[in-house]
Amino acid sequence: MAWLVANFSEVLSLAGLHLYQSVVPLLISVLIAVPLAQLARMNKTLRGLLLSAGSILYTVPSLALFVILPVILGTRILDMANVMVALVIYAVALLLRSTLDALESVDDGIRQAAVAMGYKPFMRFLTVDLPLSVPVLFAGLRVVSVSNISLVSVGALLGIGSLGSLFTDGLKRDFVTEIVIGIIGTLLLALLMDAFLVLAQRLLTPWLRNDGGLTKATAESNSDDEPAVVSA
Amino acid sequence: MAVSDARISLPDSGTSTPQVDAASAAPAAGSGTRPMIEFNSITKRYLENQPAVENLSMTIDKGAITVFVGPSGCGKTTSLRMINRMVEPTSGTITVDGKDVSTIPAASLRRSMGYVMQSAGLLPHRTVTDNVATVLRLNKVPRAQARHRAEELLDVVGLSARMGKRYPSQLSGGQQQRVGVARALAADPPVLLMDEPFSAVDPVVRAELQQELLRLQRDLAKTIVFVTHDIDEATVLGDKVAVFATGGRLAQYAAAEEILRAPVDDFVANFVGRDRGFRHLAFSTADSVPIHPVRTATESERGQRSAQQSRPPSDAAGWVLAVDDAHRPLGWISPADGSALLPGGSLFHEGQTLRRALDAVLSSPAGLGVAVDDAGSVTGVVKAPEVLAAIENARRQREGGL
């Protein structure tokens, strides 16, 4: 504990680095996976191709990817970009399938209704398909967010700063406290991210909140209109 | 009171159905109507299969309800969807108001027509108000103005403004359908396409929605194309009915009355079913059926009656109609058991059709059909032999008239 207090600012900045390296790839991967998934949905051949590519990419060991990427990208081996690019690749590989599932979870009747009302394809995708796929989409995002946070630690082996540095440093110095704090910190970070995603999903899907709560909704709207009755 | 009321009026839809049928079928049968939608030799073939629609040519009247009816797989929904290009025909053209639809961009064509589908097809992630405002928003109407119009429309379809803030999942099936109709009407399109809109709700709500649609149509006079597999719904709603046969063949296209009275072939005769003779009675008024006086008893009179229960009923016919203070029917008291109140049958409103008169007789435990006036108070009873005589009379007149 004393160690944590003494090194708190150091641990905090490592946690910040860790978060940065996992969140930025998560966001970028969503921006890549969603259009790819929609393309896969529209074309059967492309769908098979993309899904197998995703599976294959995911089997490449992370450490190997961290080492190879600088060669391909022309970055320095200690560049944070290597970790982030690698994470984007993993995240897209994982998200592709779950995003496809998410888009396919949208009731075709609703899609038809949108078409019948005169939505053009792109608008329909943005304002009907995408919002309705949020529940399944976020299930996938939560898995990837946890996977990202755990993978970022591996970058520490190459000397790229994150909470993983606490493991490597602790191992080198045979100092258990530091390792434990690294593990707890990583866990906390993962839990924090998950809680944030759950909250974000709730905010993005207001229509699911009162599901089945017809009486509650009625009570609420009554109190809006007739406060006198409620207080009486 | 409320319960016996409901029981009495439930067996058939609303109170004014057959009148509307008879009245609205008449102009469509005449030749003064203008065409709004025309199918010219339309064929739709999916890959190698048998055609879904084969060489369909028909004209749909402006300002009338045209019903496409038929068994599943007869191409009725496909035909409907070709009107707004949800489905593209393999060959042939469709014109709406003189314009070939294939020359109009699909999205703007669809925005120019209302579309109501089965189980409403509301967007679950939008509030009721925003659902109704959808097409207006697509047409770039400012949000506030679109919402205002949406709220007006909720009122038009009989929903309170309070519903507007809810999400579709918080409404009943019937309410969702009303929202679906409001949404289709929002941009005030001249054409309304309705794809089995009422088939997912229970029969009572369906009858309500049908009456509501007829009421709206009296004010709005839209060109409505309505798809259903239910011949009863078709004859209740349709100014004209198009019966589709399996394989996308148009078997008969005529006024509802004519389809029931004179089906062109076995397919149509089978499809309209065994009750078609009975249903056809909805097209003749029962003005000639005499209404006889009936013994009635109000609640207080019944109280006296049961107090003197030992005494046998005074006259042989025996059945007494229990009424409330406003002289509205409550039920029948049988001569055998003077204390129990038997639920009444359907009510015959004066001026209604032979179908109602006959049903009132058949559904009454006393064998006497209760006739009521507009206020719902009892004016007398109709008797089976006289209803049957009126039916025979109507048939003879038709024979003479044709």
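Structural remarks
- Based on every Cα atom in the range B:237-294, Rg and the maximum pairwise Cα distance Dmax equal 14.8, 54 Å.
- On Cα atoms only, tilt of A:164-173 relative to the major axis of chain A in degrees: 20
- Per the Debye formula on identical point scatterers at the alpha carbon atoms of the range B:121-163, with no solvent, log10 I(q)/I(0) at q = 0.34 Å⁻¹ is -1.20.
- Peptides B:128-137, B:385-394, B:177-186, A:22-31 ranked from most to least packed give B:177-186, B:128-137, A:22-31, B:385-394, packing being the mean of other C-beta atoms within 10 angstrom over each peptide's residues.
- Measuring r between the beta carbons of B:Asp287 and B:Arg34 and using R0 = 30 Å, the FRET efficiency lands at 0.40.
- Fully extending the segment from A:Met1 to A:Leu171 would add 59.4 nm, taking 0.36 nm per residue of separation and subtracting the current Cα-Cα distance.
- Normalised per residue, the volume of the convex hull around the Cα set of the range B:179-220 (Å³): 67
- Fraction in percent of alpha-carbon pairs per bin - 5 Å, the range B:286-401: 2, 12, 21, 21, 16, 11, 7, 4, 2, 1, 1, 0
- Convex hull of alpha carbon positions in chain B: directionally averaged projected area 23.1 nm².
- For chain B, share of DSSP beta bridges that run antiparallel, in % to the nearest 5: 55
- Expressed in units of 2.2 N^0.38 Å, where N is the residue count, the Cα radius of gyration of the range A:2-231 is 1.29.
- 10 Å Cβ neighbours from other chains, averaged over peptide B:183-190: 1
- Distance (nanometres) between label positions extended 7 Å along Cα→Cβ at B:Glu48 and B:Asp230: 3.9
- 3J(HN,Hα) along the range B:147-164: 5, 4, 4, 4, 5, 4, 5, 4, 5, 4, 8, x, 10, 6, 4, 4, 4, x Hz, from the Karplus curve 6.51 cos²θ - 1.76 cosθ + 1.60 with θ = phi - 60°, whole Hz, x for Gly and Pro.
- Each of B:Ile291, B:Leu358, B:Val320 was scored by the projection of its Cα onto the charge dipole of the range B:286-401, and the greatest displacement toward the positive side belongs to B:Leu358; charges sit on the C-beta of Lys, Arg, Asp and Glu.
- Averaged over the residues of B:163-170, the number of partner chain Cβ atoms lying within 10 Å of the residue Cβ comes to 5.
- Long-range Cα-Cα pairs in the protein assembly as shown (distance over 38 Å), rounded percent: 54
- Once the mean of 1/r is taken over each pair of separate Cα atoms and inverted, the range B:47-186 shows a Kirkwood hydrodynamic radius of 16.8 Å.
- Calculated over the range B:335-402, the projected area of the Cα convex hull averaged across directions stands at 5.4 nm².
- Under 14 Å of direct C-alpha separation, and excluding same-chain neighbours fewer than eight residues apart, A:Lys44 reaches these aspartates and glutamates: A:Glu104.
- Residue among A:Ser145, B:Ser108, A:Tyr119 farthest towards the positive dipole end of the protein assembly as shown, charges placed on Cβ: A:Ser145
- Nonlocal amide H pairs with B:Thr246, under 5 Å, H built at 1.01 Å: none
- Unit charges at the beta carbon, dipole of the protein assembly as shown: most positive-side option, A:Ile110, A:Met193, A:Leu73: A:Leu73
- Environment charge at A:Leu166 (Cβ cut-off 15 Å; Lys +1, Arg +1, Asp -1, Glu -1): -2
- Stretching A:Leu157 away from A:Val198 to a fully extended chain increases their span by 11.6 nm, per 0.36 nm per residue minus the current alpha-carbon distance.
- Average beta-carbon neighbours from other chains, 10 Å sphere, peptide B:118-129: 5
- Hull shadow area, averaged, the range A:113-212 [alpha-carbon convex hull, nm²]: 9.2
- A Förster radius of 45 Å, combined with the Cβ-Cβ distance separating A:Thr75 from B:Ser108, puts the computed FRET efficiency at roughly 0.35.
- Considering only the protein assembly as shown, percent of DSSP beta bridges that pair antiparallel, nearest 5: 55
- Cα-based helix-to-principal-axis angle, A:214-225 vs chain A, degrees rounded to 10: 70
- Cα-Cα over 19 Å, subset of B:Lys62/B:Lys99; B:Lys165/B:Lys222; A:Lys120/B:Lys99; A:Lys120/B:Lys62: B:Lys165/B:Lys222; A:Lys120/B:Lys99; A:Lys120/B:Lys62
- For B:Ala322, the residues whose modelled amide H falls within less than 5 Å of its own, excluding neighbours fewer than 5 places apart on the same chain, are B:Ala297, B:Leu330, B:Gly331, B:Trp332, B:Ile333.
- Of the two radii for the range B:182-267, the radius of gyration is 0.98 times the Kirkwood radius, both from the alpha carbons; that is the Rg over Rh value.
- Net length available on complete extension from A:Ala64 to A:Leu126 is 18.6 nm, with 0.36 nm assigned per residue and the Cα-Cα distance removed.
- Computed magnitude of the charge dipole of the protein assembly as shown (debye, nearest 20; Cβ of K, R +1, Cβ of D, E -1): 1500
- Across the range A:55-72, coupling constants 3J(HN,Hα) worked out from phi with the 6.51/-1.76/1.60 Karplus curve, θ = phi - 60°, read 4, 5, 4, 5, 7, 5, x, 5, 4, 4, 5, 4, 7, 6, 3, x, 5, 6 Hz, and Gly and Pro carry x.
No lab work stands behind these numbers, since they all come straight from the coordinates. Just so you know, these numbers come straight off a predicted model, no measurement behind them. A quick note on method: Cβ atoms are made from the backbone with ideal geometry, for glycine too, and the neighbour counts reach across all protein chains shown.
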